[in-house]
Amino acid sequence: MIKSVNTQFCEHANEYNSYNIIQQIVSKALVRELEFEPKRILELGCGSGQVFKNISFPFEYYKAIDFSQSMCDNHPKKENLEVVCLDFDSEAFEKNIQNEQYDIVLSSSALQWSKNLTKIIHTLSQISSKISFVLFTASTFQTLFEITGKKSPILDSQTIQKACSSFYDCQFEVLNYKLEFDEKKKMFDYIKNSGVGGGNSTLSFKEAKKLYQQYPHNYLEFEVIFIKGERFC
């Protein structure tokens with residue numbers, strides 16, 4: 001049975017925070033590396049608030065967008081914060097923000113799922129002079145995909161850099177993480193529940209058994225790209 005990314009995130013929304021260790025790390029880093037305190041903020045793929053929970057400075061308006069209603073329901077609520085359930089690949093998203101202006105657009109662990117990242121970046125360039133993103137790349141779970149022979153459902157680093165550089169003068173930094181497990185079962189539970197694996201297709205019993213038997217490490221690989229961008233004049 002093929003699941004959409006949205007379905008997988010909705011199913012695991014309530015337990016997501018216990019499985020998103022790497023997402024929490026990069027969300028903290030994203031906020032920590034901000035070079036100023038923006039007053040008007042747009043966040044794409046807000047999830048249940050990993051980025052927002054690290055915002056300690058005052059702001060005038062914060063719009064947080066996610067395509068999962070379950071995630072939006074679990075997001076913190078606060079004055080001057082608006083949480084909106086929208087797909088950032090949709091026309092509805094473009095219409096929602098077209099007349100707005102923001103000091104910065106933030107996104108952590110979300111835009112790698114975009115069906116047309118270049119189009120999104122172009123849209124954002126109309127409403128904000130600055131972007132600050134963290135995205136997982138296709139090299140995440142690299143060994144897993146090598147064993148199964150499947151292609152990662154998320155964007156590769158080159159595609160991400162090209163899209164962002166089309167409209168912003170960008171700085172890029174690629175970092176690699178390893179998350180160790182003391183049991184294989186825990187590792188595979190993480191893959192299932194973390195959301196990083198996507199939902200592009202589920203493995204057959206035969207494929208899952210092969211992966212479980214042949215996976216050579218006690219860790220999972222993650223590759224993330226940090227992006228800071230200033231709009232071209």
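Brief remarks follow.
- Boolean, residue 110 is within 14 Å of the chain's Cα centre (by Cα), closer than 18 Å to residue 154 by Cα and of a type outside the set (Ser, Thr, Tyr): yes
- Across the range 83-141, the qualifying residues are those that are in contact with a Lys or Arg (Cβ under 7 Å, 6 or more places away or on another chain) and of a type in the set (A, V, I, L, M, F, W, C), and the one among them that is surrounded by the most Cβ atoms within 10 Å (Cβ to Cβ) is 104.
- Residue selection: residue 144 fails the criterion of being within 20 Å of residue 228 (Cα to Cα), at pLDDT 90 or above, crowded, with 16+ Cβ neighbours inside 10 Å and among the aliphatic types (A, V, I, L, M).
- Within the range 208-226, one or more residues are at pLDDT below 85 and either charged (D, E, K, R) or over 20 Å from residue 123 (Cα atoms) (or both).
- Checking residue 192 against (1) within 25 Å of residue 28 (Cβ to Cβ); (2) out of contact with any His (no Cβ under 9 Å at 6 or more places or on another chain); (3) charged (D, E, K, R), the condition it does not meet: (2)
- In this structure, residue 182 qualifies as in contact (Cβ under 8 Å) with a residue 24 or more places away in the chain, part of a loop (DSSP other than H, G, I, E, B) and either of a type in the set (D, E, K, R) or within 18 Å of residue 30 (Cα to Cα) (or both).
- The range 160-179: number of residues that are of a type in the set (Val, Ile, Thr) and assigned to a helix (DSSP H, G or I): 1
- Listed by first and then second residue, the pairs with beta-carbon distance under 7 Å, at least 6 apart or on different chains, first residue in the range 98-113 and under 11 Å from residue 64 (Cβ atoms) and among the polar types (S, T, N, Q), second in a loop (DSSP other than H, G, I, E, B) and at pLDDT 95 or above, are 107/45.
- Restricted to the range 168-201, and to residues there that are surrounded by 15 or more Cβ atoms within 10 Å (Cβ to Cβ) and polar (S, T, N, Q), the residue that is modelled with the highest pLDDT is 193.
- Filter pass, residue 137 being touching a Pro at 6+ places or on another chain (Cβ under 8 Å), of a type in the set (Ser, Thr, Tyr) and under 30 Å from residue 178 (Cβ atoms): no
The values are calculated or read from the model by the stated rules, or taken from the named source; none is laboratory data. Keep in mind it's a predicted model, so treat the numbers as computed, not measured. Note: ideal-geometry Cβ built from the backbone for every residue, glycine included; neighbour counts use all protein chains shown.
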